[in-house]
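The values are calculated or read from the model by the stated rules, or taken from the named source; none is laboratory data. As the structure is a prediction and not an experimental result, all values here were calculated from the model. Note that we place each Cβ from the backbone using ideal geometry, even for glycine, and neighbour counts take in every protein chain shown.
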Amino acid sequence: MYRSTLGAILAAAAVASGAAAGGDWPQWRGPNRDGVSTETGLLKQWPSGGPPAAWTVSGLGKGYGSVSVQGDRLFVQGTEGSSSVVICLRRADGGKVWSRALGRALDQDRGGGPRGTPTVDGDVLFALSEAGDLACLRAADGGVVWTRNILADFGGRNPDWLLSESPLVDGPNLIVTPGGRGAGLAALDRKSGKTVWTTKELSEAAGYSSIVAAEVQGVRTLITLTAQSAVGVRAADGKLMWRYEKAANDTANITTPVVFDSRVFVTSAYNTGAALLQLRAENGEVRADEVYFTRDMMNHHGGVVFVNGYLYGYSNAILTCLEAATGKVQWRDRSVGKGSLTYADGRLYVLGESNTVGLVEASPTSYVERGRFQIADQGWPSWAHPVVAAGRLYIRNQGVLAAYNIGAK
């Protein structure tokens, strides 16, 4: 059952899909998949107890995925009964618009349900379930455009903690990580779902990371962490151009790579570390050369953001700031405990997996906290990344999604 603390507020704008709106967050980690919002005019410090809640809804079921925001709609994955589903909510009040089953929901010893975030692209969205069910749906009503199962179709194996990536739209293609033989990555036609190419030279199993795209001196490059390595694949045809193993481990490679200045920062935990790689195009391909490797950033699942020359992220349970060019540590702090983060308007929005939300200055000088509050424990770690969109902070924790007003006015 869905319920809103504001009740069933009905607004004409809230049911018209496709309307343009400022501050959209249409996919995993935002418009550029980097965890960075360009919004301004947000609260610089929170009142005691945190910012005011606009609304809270429950009934999303199991899952660790974050929320996507476009126009007057929100999109999130969860469970209903035995099904893994996509749910559309009204941005104004969190009221349910529609839900669509993707396939069978799976359970796991670290929590069941989907791990991914829907990718909204105009009037359609793409969602991948924890069991490999991939669907293109109409954003307006959840109608099915096409479906596939990437594990069955490409011979992949579901990793121990279940598929966790969020699909990437790259021009006319949708990019996913089946992890099959000769199909580590695959490009599908976004309109029909038909296979465009697979990575013939790459057969590594899927990790838990999501793909990012980079334009490297004219060569479009797709970058991700597989179960074994960081890889760069040519977007035009799926050719494997480079591999880098030192920043990957044998257990769980989760963090989305961070691209800036023709460089990519890759990191994983489990006593591994991080590396900055310089990307260079040569004869229509891209090579990756190590700039440095560091053990001062072992990021497990919470992501890393690049802001004004510095990298911010959790190194295991310690929030850490690194000088991006050198890997030199600027500061460390236990903050709200091990967690995830998003950046907006000079602040880091941090969510500890033990249910504490914090606001921290994004400054290389020192750790300065500007507020914190608690959210209700839902029985599993708070692993869904925070989202900042149009003056609101969205926090999803299993079956509960809350929107907080963080605009300064």
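Assorted remarks:
- Candidates R372, R392, filtered to the one that is out of contact with any Ser or Thr (no Cβ under 9 Å at 6 or more places or on another chain) and more than 23 Å from A275 (Cα to Cα): R392
- A single member of D34, D72 is in contact with a helix residue (DSSP H, G or I) (Cβ under 7 Å, 6 or more places away or on another chain) and in contact (Cβ under 8 Å) with a residue 24 or more places away in the chain, and it is D72.
- Qualifying residues in the range 233-254 (those that are assigned to a loop (DSSP other than H, G, I, E, B) and of a type in the set (K, R)) - the one farthest from the chain's Cα centre (by Cα): K239
- So A281, is it assigned to a strand (DSSP E or B), aliphatic (A, V, I, L, M), modelled with pLDDT of 95 or more and farther than 30 Å from T195 by Cβ: no
- Which numbered condition V357 misses (of (1) closer than 23 Å to G30 by Cβ; (2) β-branched (V, I, T); (3) surrounded by fewer than 18 Cβ atoms within 10 Å (Cβ to Cβ)): (3)
- Set A139, A105, A135, A92: member being among the hydrophobic types (A, V, I, L, M, F, W, C) and either closer than 20 Å to A384 by Cβ or without any contact (Cβ under 8 Å) to a residue 40 or more places away in the chain (or both): A105
- Entry remark, the range 318-353: residues being part of a loop (DSSP other than H, G, I, E, B) and surrounded by fewer than 17 Cβ atoms within 10 Å (Cβ to Cβ) number 5 in total.
- Unique residue being at pLDDT 95 or above, within 21 Å of F75 (Cα to Cα), within 19 Å of the chain's Cα centre (by Cα) and of a type in the set (D, E, K, R) when the list is D123, D133: D133
- T195 being closer than 24 Å to L134 by Cα, without any contact (Cβ under 8 Å) to a residue 60 or more places away in the chain and surrounded by fewer than 23 Cβ atoms within 10 Å (Cβ to Cβ): yes
- Single condition G59 does not satisfy, out of (1) on the phi > 0 side of the Ramachandran plot; (2) of a type in the set (G, A, S); (3) touching a helix residue (DSSP H, G or I) at 6+ places or on another chain (Cβ under 6 Å): (3)
- For the range 255-273, the criterion of being buried (at least 24 other Cβ atoms within 10 Å of the Cβ), touching a residue at least 60 places away in the same chain (Cβ under 8 Å) and either touching a His at 6+ places or on another chain (Cβ under 7 Å) or part of a strand (DSSP E or B) (or both) is satisfied by at least one residue.
- The numbered conditions (1) under 18 Å from Q398 (Cα atoms); (2) surrounded by 18 or more Cβ atoms within 10 Å (Cβ to Cβ); (3) of a type in the set (D, E) are all true for D107 except (2).
- Selection within the range 119-135 - part of a strand (DSSP E or B) and closer than 28 Å to A252 by Cβ: T119, V120, L125, F126, A127, L128, D133, L134, A135
- Some residue of the range 153-163 being aliphatic (A, V, I, L, M), without any contact (Cβ under 8 Å) to a residue 60 or more places away in the chain and within 24 Å of V67 (Cα to Cα): yes
- Filter result (outside any loop (DSSP other than H, G, I, E, B) and over 13 Å from L341 (Cα atoms)) within the range 386-395: A389, R392
- Boolean, Q27 is outside any strand (DSSP E or B), closer than 19 Å to R138 by Cβ and within 18 Å of the chain's Cα centre (by Cα): yes
- Yes/no for L163 being in contact with a strand residue (DSSP E or B) (Cβ under 8 Å, 6 or more places away or on another chain), under 26 Å from A227 (Cβ atoms) and either crowded, with 17+ Cβ neighbours inside 10 Å or at pLDDT below 95 (or both): yes
Residues are listed down the side, and each one gets a yes or a no for (1) crowded, with 24+ Cβ neighbours inside 10 Å; (2) out of contact with any strand residue (DSSP E or B) (no Cβ under 7 Å at 6 or more places or on another chain); (3) part of a loop (DSSP other than H, G, I, E, B); (4) of a type outside the set (S, T, N, Q):
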residue	(1), (2), (3), (4)
R33	no, no, yes, yes
T56	no, no, no, no
G61	no, no, yes, yes
I87	yes, no, no, yes
T117	yes, no, yes, no
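- Test: residue in the range 296-306 that is crowded, with 19+ Cβ neighbours inside 10 Å, within 17 Å of V259 (Cα to Cα), in contact with a Ser or Thr (Cβ under 8 Å, 6 or more places away or on another chain) and of a type in the set (S, T, N, Q): yes
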